[in-house]
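*Asks:* Could you have a look at this structure, given as structure tokens, before my questions?
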Ligand SMILES: NC(=O)c1ccc[n+]([C@@H]2O[C@H](COP(=O)([O-])OP(=O)(O)OC[C@H]3O[C@@H](n4cnc5c(N)ncnc54)[C@H](OP(=O)(O)O)[C@@H]3O)[C@@H](O)[C@H]2O)c1
């Protein structure tokens, strides 16, 4: 089969198109013919060594073993099953829960042995992938590309919304709102949990699209006085912030949060380190939440909401698998709307 492997830490030239053997599923695994694999920042950081290099580089302490096939957001068809797998799995169209873990239900995303597809296991930048049968779920939509875009971004966004218990009528500030996670945070907060969403983007040309996703107000981080604009459109401070930007909008977020507000962060696309005046946190009774991925039960609830049409796929563009280098460079550009997908 054809696959694209990361051969070591570095630039996109470390992504190489290779021919390799089709993986063989173990007793409890299935073999999936990959039809679509959406891109996430995680595989770019893995290649760049942005999680650290050597023994600190991956989701596991021993680090990433190269060569590694990246890609976690996979939709495809089960074409072969292991001996212990129920025959009903054959020919099913599935999406993959993206990690293994010994954590108990509800805690699987914070277990020490959590191991991620595309980092500790070979992933979906390939024509085939082997994965545990019990981590394959029915595809939520009829189309492979549309079904592939929810896995990591959607699970992360769903978990963030549940973590802060978004309530109907609350105001939620969503940063990075045109990105993969943010565009789902907007939809989930507004359309699943009934919140009023203020979406922060760079380019205000995206305003109409963001409103279609459920945003009540769309503001630009390029504004000279974003905090003032947020307070003004909301008629006061906001209840919570769902953040993927980190440093660039941290001060603004703390500034516009109400007393007793919640700040939930799962990414730092706009800067990984920041300055924090602790007095703001305690004098405003702010709760800080760190967030990575989510649980299997949350994944099921997400897929259910997708299949019911409450949340829609937002796809910026697709690339053939052979153009993985181009696709990863494109992913890093500002102003995308939603996900970038590779098609083997
Ligand atoms: N913890 C988890 O489980 C998890 C899961 C998925 C992703 N993440 C992380 O979450 C972050 C976003 O991921 P994504 O897939 O949504 O990426 P993405 O699709 O590239 O979106 C990034 C978003 O951040 C915005 N942004 C970037 N720099 C900014 C700045 N200086 N100021 C304000 N906004 C800025 C972008 O706006 P422009 O388009 O205007 O640049 C865009 O809206 C990444 O750091 C990723 O690693 C974490």
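The values are calculated or read from the model by the stated rules, or taken from the named source; none is laboratory data. Fair warning: this is a prediction, and the values are worked out from it, not measured in the lab. FYI the Cβ positions are ideal-geometry reconstructions off the backbone, even for glycines, and counts take in every protein chain you see.
*Asks:* Inside region 96-133, can you point out the residues that are part of a helix (DSSP H, G or I), closer than 20 Å to residue 71 by Cβ and out of contact with any strand residue (DSSP E or B) (no Cβ under 6 Å at 6 or more places or on another chain)?
*Replies:* 109
*Asks:* Right, something else. When you scan region 204-230, how many residues do you find that are more than 22 Å from residue 193 (Cα to Cα) and surrounded by fewer than 14 Cβ atoms within 10 Å (Cβ to Cβ)?
*Replies:* Qualifying residue count, region 204-230: 6.
*Asks:* Pull up region 253-263, narrow it to residues that are assigned to a helix (DSSP H, G or I) and within 24 Å of the chain's Cα centre (by Cα), then point me to the one that is nearest to residue 153 (Cα to Cα).
*Replies:* 253
The rows are residues; the columns are (1) in the same structural domain as residue 232 (by TED's automatic domain parsing); (2) under 15 Å from the mean Cα position of the chain (by Cα); (3) more than 17 Å from residue 310 (Cα to Cα).
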{"residue": "144", "(1), (2), (3)": "no, no, yes"}
{"residue": "181", "(1), (2), (3)": "yes, yes, no"}
{"residue": "192", "(1), (2), (3)": "yes, no, no"}
{"residue": "197", "(1), (2), (3)": "yes, no, no"}
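*Asks:* Just give me the residues in region 157-214 being within 16 Å of the ligand (Cβ to nearest atom) and assigned to a loop (DSSP other than H, G, I, E, B), in sequence order.
*Replies:* 164, 175, 176, 177, 178, 179, 202, 203, 214, listed by residue number.
*Asks:* Now, a different point. Residues of region 231-252 being more than 21 Å from residue 193 (Cα to Cα) and outside any loop (DSSP other than H, G, I, E, B), which ones?
*Replies:* Those that are more than 21 Å from residue 193 (Cα to Cα) and outside any loop (DSSP other than H, G, I, E, B): 231, 232, 247, 248, 249, 250, 251, 252.
*Asks:* Here's another thing I want to ask about it. Could you tell me which of the residues 256, 341 is farther than 20 Å from residue 74 by Cα and buried (at least 19 other Cβ atoms within 10 Å of the Cβ)?
*Replies:* Just one listed residue meets the conditions, 256.
*Asks:* Residue 338: in the same structural domain as residue 34 (by TED's automatic domain parsing) and at pLDDT 95 or above, yes or no?
*Replies:* yes
*Asks:* Let me ask you something else. In region 218-240, how many residues are under 23 Å from the mean Cα position of the chain (by Cα) and either within 16 Å of the ligand (Cβ to nearest atom) or over 19 Å from residue 169 (Cβ atoms) (or both)?
*Replies:* 4
*Asks:* For the subset of region 143-155 comprising residues that are in a helix (DSSP H, G or I) and buried (at least 24 other Cβ atoms within 10 Å of the Cβ), which member is farthest from the ligand (Cβ to nearest atom)?
*Replies:* Across region 143-155, the extreme among qualifying residues is 147.
Rundown of residues vs (1) without any contact (Cβ under 8 Å) to a residue 40 or more places away in the chain; (2) under 28 Å from residue 10 (Cα atoms), yes/no style:
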| residue | (1), (2) |
| --- | --- |
| 61 | yes, yes |
| 66 | no, yes |
| 84 | no, no |
| 87 | yes, no |
| 98 | no, yes |
| 104 | yes, no |
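*Asks:* Right, next: Return the residues of region 44-65 that are surrounded by 14 or more Cβ atoms within 10 Å (Cβ to Cβ), more than 10 Å from the ligand (Cβ to nearest atom) and either modelled with pLDDT of 95 or more or not in a loop (DSSP other than H, G, I, E, B) (or both); say none if nothing qualifies.
*Replies:* 46, 47, 48
*Asks:* Which of the residues that make up region 275-300 are assigned to a helix (DSSP H, G or I) and not assigned by TED's automatic domain parsing to the domain that holds residue 177?
*Replies:* Once the filter is applied, which keeps residues that are assigned to a helix (DSSP H, G or I) and not assigned by TED's automatic domain parsing to the domain that holds residue 177, region 275-300 yields 296, 297, 298, 299, 300.
*Asks:* Given the condition within 12 Å of the ligand (Cβ to nearest atom), within 27 Å of residue 16 (Cα to Cα) and outside any loop (DSSP other than H, G, I, E, B), answer yes or no: does some residue in region 307-315 qualify?
*Replies:* Within region 307-315 (the criterion being within 12 Å of the ligand (Cβ to nearest atom), within 27 Å of residue 16 (Cα to Cα) and outside any loop (DSSP other than H, G, I, E, B)), the answer is yes, since at least one residue qualifies.
*Asks:* From 304, 272, 328, grab the single residue that is within 12 Å of the ligand (Cβ to nearest atom) and outside the structural domain of residue 220 (by TED's automatic domain parsing).
*Replies:* 328
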